[in-house]
Each structure stands twice: as C-alpha cells, then as structure tokens.
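**Student:** Following this message is one structure expressed as structure tokens.
The values are calculated or read from the model by the stated rules, or taken from the named source; none is laboratory data. The shown structure was predicted, so the numbers you read here are calculated from the model rather than taken from an experiment. Ideal geometry is used to build each Cβ from the backbone, glycine not excepted, and the neighbour counts take in all protein chains shown.
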Amino acid sequence: MRRRLLRGASLSRRVTLFTTLALGLVWAMAVALMVAVMGSEQEELFDQQLSETAQILLPLLTQAEGAGAAETVLPAVPKLDEALVYRLIGPDGTVLRQGALAAQVRLPDVAPGARKGFSRSADYRIFLTGFDAQGHAVQLAAPLAERREAFRESLLGFLVPMLALLPLTWLLVGWVTRRALAPLRQLRAQIDARDSSRLDPLEASDWPEDLARIAATLNGFMARLSQALEAERAFATNAAHELRNPVAIALAQVQQLRNDAQDPAHRARIEALERALQRMRRLVARLLQLARADAGIGQSAAPHDLAMLTRLVLGDVVPRAQADRIATDLPPVPVPARIDPDAYAILLGNLVENALQHGPAGGVIDLRLRPTTPVGAVLEVCNGGAAIAAPETLARRFDRRNSDGFGLGLHICGQIAAQAGGHLAAMSPCPGRTDGFLARVTLPG
C-alpha cells in the first residue's frame, strides 16, 4: 500500500510526507499526554474546590443548626446535574440538615466517627469533612456530569487549535523541503539540459557538499563520455572523408569501363557495380552529415531568410531531369528563422531527396514554406505513395521501411531541427489525402 502511494512521488513529496507523519505521531503522543495531564489536574482542582467548599460550609451549617434556622445555606439550583448537594451529619451519623435537592440523591450513609476524605458514587464525587467540636460533619457531593462537561469543553478548546496545526505543519514542512531541495532541482535542470552535443561540466559551487560530490562524479562521467563521443565522431568523420576520394575515383573508373564495354552481359555487371558505388557515395555523404549534425551545427545566433535559402538549395540538390517534379509554394516575402544556413541546406536536401527516392516514379513532390506568427517558419515536404503505419518512428537512427535508404535522412533532419529549437513531425497520409508521407519542420524565429 505504501509503495503504491509513493510510486512516482518526488523526493520533496516523500520528505514532506514522512516528516509530517513523524510530526503527526509526536503530535498525537503529545495530545494524549496533555489530555491525561489535563484530566488529572482538572480532577485535582475540582476536588480541592469541593474540599474547600465543604470546610467553609461546615461552620455555617453548624451555626444554622444551633440557631434553629430553617432556610438552606446554599441557593437552590433548578438542574440536579449541576447542583452541589450537602448534608449536615450528626455525631451518631444521622442527617441533621440537607439541601433542597438532597432528597432526590442517593448518598452513602456516614458511620459515627468516620474519617474525612473523598468517595465516588455512580453520579457524584463526594467529600466528607472531619467532625468539629460540636460533633458535626458535612457531606458535600458534586455531580460528575458537570465535571465531564467541563472536561469536554476544555478538551475541545485545546484540540481545535491543535488540529489546525496539522495542515499548517504539512504546508510548512512542504515549503521548507522545497527550499532545502532547491539545489537538487537545479542539478536535475542542469542534467536535463545536457545531451550528446552539450557535455560541459555542471556548475555546483554553491550547492551542499553531498550534491557537489554527485555533480563532481557526473562531471567526471560526462568528461569520459565526451571523450568517447568525440573519438567516435572523429572516427566517423575521418572515415567518411577518407572514403570520399577512393569512392569517387572508383566510380569514375567504373563509368569509364561502362562506356568502353561492348558485351551486354559485361556492361550489365559494370552497371550493377556502378549502382553499388553510387549507394556507397550516398552513404558516405550521409555519414558526413550525421557527424556534422552530432556536432550541433543547427544553432544560429541570428535568423536567416529561409525563402532565399530554399531556392538556392533546390537548385543544388534537385537534378535537372527531375526539376519538374518539385511543386514549390514559397512566399514572395522573406521568411526569417533561427537556423544555420548550412544546417538548413542539409535538412532541406535530405527531405527532398527522401521524397524523390521514396515517392512514386514521376510523382509530384509538394514543397511548402510559410511564416508563422509572430516569427518563425514551417517547412512541409509531401510525396505520394502508399500510407505508412507509425510514420513517427522513421526519425529514429537506422530505421527504414524496406527501401534502398539508410535510415539516416529523417534522423539527421530531426537532430538539426531540435538543435535549432524546433522539431520534426512525420505523418502519413498527407493531410487532406488518403496517401503519401509528409515531413513538417517547425523552426523558431
């Protein structure tokens, strides 16, 4: 039960809950002790008042008895459960005089020579004074109902403000806990801001010693991770660079062999080899783009006109033979967005190449760029073809759907968009259609 209640709870909530429960237990013990002490002290006070009243009443009743006065000494009280009941006892234990309500109360008999002290019946607390020189004693009884009512009222007056302390304690402990754990939230925020492109050390100079040690351990881990990532990126970049020239030379040689080949079967094998080298050339280009994307090239200190950049990039990446397949919808005014121009060229080039490669042969690619309010841009590239299930998974690294691609294009686009402060959304079918695939990139201004 406790595990289910605390599952997923924050550390501050756990500390608040356990501290409040501990204080609540101490509060309950203190209240129980206070109730016991208050009941004992109140009972002692009532007994003292009863004893003193009886001692004061004894000479008055003795004097009244000697003078033969008929009136009662204590005023009559209409409610029996609130009235003090007295009896004047003679030397032989007989009742010489009693209050107006004494006849309605059953009090114990007093034996001759009985000692003074307290006794209790079902409804009364009774005190018997010692016998005076005339041989008289007073038996005075106070109703227990009056004492219980006084105790309940006192207890209620004590518990109401004490109960109000519980929610105040919860709020106070929660506030203190949140203030005390503020460095922990700062540590979490700093860790959350780190990714593969940002592994700079955590700033922990003003934190408590325990958190500073955790931050130091994390800084050491991130330093080792940064070295490993840098080595991996350097290897991928160097390998791609080293492969570019050999692949280009091999491709040129194969194209020359294809032109010189006379035998159709021999020519077909050379063309297959040329296609493999073309694929390798594209893979090398993608690996170089991936290395640049991992390095965080998407950020830009100033906005750039994406409408102009789009026209320039399309002129470079779209072959002349397929230029009529691109249906562009570009605004006539500048569309500023905060993204590095080279990074935008890689992003747009990958989206267009993916659309040309995976769309139906001869199909039209719809490219639309529009500004957003107040600033920013939205780029949409839509190609035809059968609808795809779970298109959002295509942005994962090396995720591809039975095609000739490498599973890197959309992943690179998503990385660059995220580095620029935007995001990539993939959907299929295209909005307003029953087929196709749409890649939508939203960029900040």
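**Student:** Check ALA103 against each of (1) in a helix (DSSP H, G or I); (2) within 60 Å of the chain's Cα centre (by Cα); (3) under 30 Å from GLN55 (Cα atoms); (4) hydrophobic (A, V, I, L, M, F, W, C) and name the one condition it does not meet.
**Tutor:** All conditions are met except number (2).
**Student:** Something else now. If you check PRO75, PRO91, which single one turns out to be assigned to a loop (DSSP other than H, G, I, E, B), modelled with pLDDT under 85 and not acidic (Asp, Glu)?
**Tutor:** PRO75
**Student:** Mind checking which residues of region 141-182 are among the aliphatic types (A, V, I, L, M), over 30 Å from GLN48 (Cβ atoms) and outside any loop (DSSP other than H, G, I, E, B)?
**Tutor:** First, pick out the residues of region 141-182 that are among the aliphatic types (A, V, I, L, M): 141-142, 144-145, 150, 155-156, 159-160, 162-166, 168, 171-173, 176, 180-182.
When the remaining residues are screened for being over 30 Å from GLN48 (Cβ atoms), the result is 163-166, 168, 171-173, 176, 180-182.
LEU163, ALA164, LEU165, LEU166, LEU168, LEU171, LEU172, VAL173, VAL176, ALA180, ALA182, listed by residue number.
**Student:** How many residues are over 30 Å from ALA83 (Cβ atoms) and either small (Gly, Ala, Ser) or modelled with pLDDT under 80 (or both) if we restrict to region 149-165?
**Tutor:** Result for region 149-165: 3.
**Student:** Find the residue count for region 176-228, including only residues that are among the hydroxyl-bearing types (Ser, Thr, Tyr) and modelled with pLDDT of 80 or more.
**Tutor:** 2
**Student:** Kindly list, by first and then second residue, each pair from a residue in region 23-41 that is over 16 Å from GLY157 (Cα atoms) and in the same structural domain as LEU172 (by TED's automatic domain parsing) to a residue that is part of a helix (DSSP H, G or I) and at pLDDT 85 or above, limited to pairs with Cβ atoms under 9 Å and residues at least 6 apart or on different chains.
**Tutor:** Once the first residue is over 16 Å from GLY157 (Cα atoms) and in the same structural domain as LEU172 (by TED's automatic domain parsing) and sits in region 23-41, no partner that is part of a helix (DSSP H, G or I) and at pLDDT 85 or above comes close enough.
**Student:** Need the failing condition index for VAL138 against (1) modelled with pLDDT of 85 or more; (2) in a loop (DSSP other than H, G, I, E, B), just the number.
**Tutor:** The single condition VAL138 does not satisfy is (2).
**Student:** Pick from LEU367, LEU356, LEU348: which is more than 17 Å from GLY445 (Cβ to Cβ), surrounded by 14 or more Cβ atoms within 10 Å (Cβ to Cβ), in the same structural domain as GLY432 (by TED's automatic domain parsing) and more than 44 Å from the chain's Cα centre (by Cα)?
**Tutor:** LEU356
**Student:** Of all residues being closer than 30 Å to ARG152 by Cα and in contact (Cβ under 8 Å) with a residue 40 or more places away in the chain in region 50-69, which is nearest to the chain's Cα centre (by Cα)? Just the residue, please.
**Tutor:** Within region 50-69, the subset closer than 30 Å to ARG152 by Cα is 50-57.
Restricting the remaining residues to those that are in contact (Cβ under 8 Å) with a residue 40 or more places away in the chain gives 50-51, 53-55, 57.
Details: LEU50: 61, SER51: 63, THR53: 65, ALA54: 67, GLN55: 69, LEU57: 70 Å.
Only one residue fits best here, namely LEU50.
**Student:** Residue check: is LEU187 in contact (Cβ under 8 Å) with a residue 12 or more places away in the chain and either in contact with a Phe, Trp or Tyr (Cβ under 9 Å, 6 or more places away or on another chain) or not hydrophobic (A, V, I, L, M, F, W, C) (or both)?
**Tutor:** Taking the combined requirement at face value, the residue satisfies it.
**Student:** Being out of contact with any strand residue (DSSP E or B) (no Cβ under 6 Å at 6 or more places or on another chain), in a helix (DSSP H, G or I) and polar (S, T, N, Q) narrows it down to one residue among GLN262, GLN289; which is it?
**Tutor:** GLN289
Quick grid of which residues meet (1) among the charged types (D, E, K, R); (2) touching a residue at least 40 places away in the same chain (Cβ under 8 Å); (3) buried (at least 17 other Cβ atoms within 10 Å of the Cβ):
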{"site": "MET308", "(1), (2), (3)": "no, no, no"}
{"site": "VAL313", "(1), (2), (3)": "no, no, yes"}
{"site": "ALA323", "(1), (2), (3)": "no, no, no"}
{"site": "PRO331", "(1), (2), (3)": "no, yes, no"}
{"site": "VAL335", "(1), (2), (3)": "no, yes, yes"}
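**Student:** Another one. Right, GLN104: in the same structural domain as ALA22 (by TED's automatic domain parsing), in contact with a strand residue (DSSP E or B) (Cβ under 6 Å, 6 or more places away or on another chain) and not aliphatic (A, V, I, L, M) or not?
**Tutor:** no
**Student:** Also, I was wondering about something else. Suppose we filter region 351-381 for residues that are assigned to a strand (DSSP E or B) and not aliphatic (A, V, I, L, M); how many remain?
**Tutor:** Of the residues in region 351-381, 6 are assigned to a strand (DSSP E or B) and not aliphatic (A, V, I, L, M).
**Student:** Restricting to region 404-445, count the residues that are within 20 Å of ILE388 (Cα to Cα) and in a loop (DSSP other than H, G, I, E, B).
**Tutor:** 14
**Student:** Can you tell which of ALA142, ALA122, ALA83, ALA137 is in the same structural domain as GLN63 (by TED's automatic domain parsing), buried (at least 16 other Cβ atoms within 10 Å of the Cβ) and closer than 27 Å to VAL35 by Cβ?
**Tutor:** Answer to the selection: ALA142.
**Student:** Looking at region 145-173 only, could you name the residues that are touching a helix residue (DSSP H, G or I) at 6+ places or on another chain (Cβ under 8 Å) and among the aliphatic types (A, V, I, L, M)?
**Tutor:** If the condition is that a residue be touching a helix residue (DSSP H, G or I) at 6+ places or on another chain (Cβ under 8 Å) and among the aliphatic types (A, V, I, L, M), then ALA145, ALA150, LEU155, LEU159, MET162, LEU165, LEU166, VAL173 are the ones that fit.
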